[in-house]
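Below is one structure, written out as structure tokens; comments come after it.
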Amino acid sequence: MTGPRIDTAATDPVALWSSAQVTALGVETWPAYGGLAWRALLATDPRKAAAIFEAAEQWRRHRADADELDCLLADDPEEWFRRVTVDADAEARRIAPALAKRPTAAEVQARTGHHPPRTVTATRGWPPVAIPGRPGRYRHLIDGRQVDLPTHHRQEHAA
């Protein structure tokens, strides 16, 4: 259940009228429009009407804000951009200190250091190793020497 949330700003006659209608209904709280609790109310229940007034007023304000932004986009794009990014700017200012403490990708890469690639080495008792960049070639260990052959010979038969 929600309480009265209708803005009664003295400069907005529509909001004042809507607030007066809810006040005349004599209810203090009502369920959100369209929810299960609202649907369970009888059509004659004044809380149902109060929720409708509230939803209508919220929609009116939403459309007024959207229309104002549409006009700003056409008339003053810089002001439009400032308004639509004000929340993002505030969030960026909030998280900037934490982000500044994090290392950049280049710093992380520098910390890992450069390690030369491992050489491909065949090992006794293991199958031959495929040589990267040379399809069909395998490194074998034959008589203690590293030998590259074009086929996948078994080590114990290679001589």
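Readers should treat all values here as calculations from the given coordinates under stated rules, not as data from a laboratory. In this text the structure is predicted, and so the values were computed from the model without any measurement. When we count neighbours, we look across all protein chains shown, and the Cβ atoms used for this are built from the backbone with ideal geometry, even at glycine.
What you get for the chain, charging only the Cβ of Lys and Arg (+1) and of Asp and Glu (-1), is a dipole of about 1680 debye around the Cα centre. Calculate the FRET efficiency for Thr29 and His62 from the Cβ-Cβ distance with a Förster distance of 30 Å, rounded to the nearest 0.05. After rounding to 0.05, the efficiency reads 0.85. In the chain, taking the dipole from charged Cβ atoms about the Cα centre, the farthest positive-side position among Pro128, Val108, Thr44 is held by Pro128.
Stretched out straight at 0.36 nm per residue, the stretch from Ala74 to Ala55 would grow longer than its current Cα-Cα span by 4.0 nm. Remark: the Arg82-Leu41 segment gains 10.4 nm on full extension, using 0.36 nm per residue and subtracting the alpha carbon distance.
If the segment from Val108 to Asp143 were pulled out straight at 0.36 nm per residue, it would be longer than the present Cα-Cα gap by 8.3 nm.
For the chain, the fraction of C-alpha pairs more than 21 angstrom apart is 73%. Within the listed set Glu79, Glu107, Glu57, the residue fluctuating most in the Gaussian network model of the chain (springs between alpha-carbon atoms under 10 angstrom) is Glu107. From least to most packed, judged by other beta carbons within 10 angstrom and beginning with the fewest, Trp38, Trp30 follow the order Trp38, Trp30. Charge tally around Arg47: other residues with Cβ under 13 Å, Lys/Arg +1 each, Asp/Glu -1 each, net -1.
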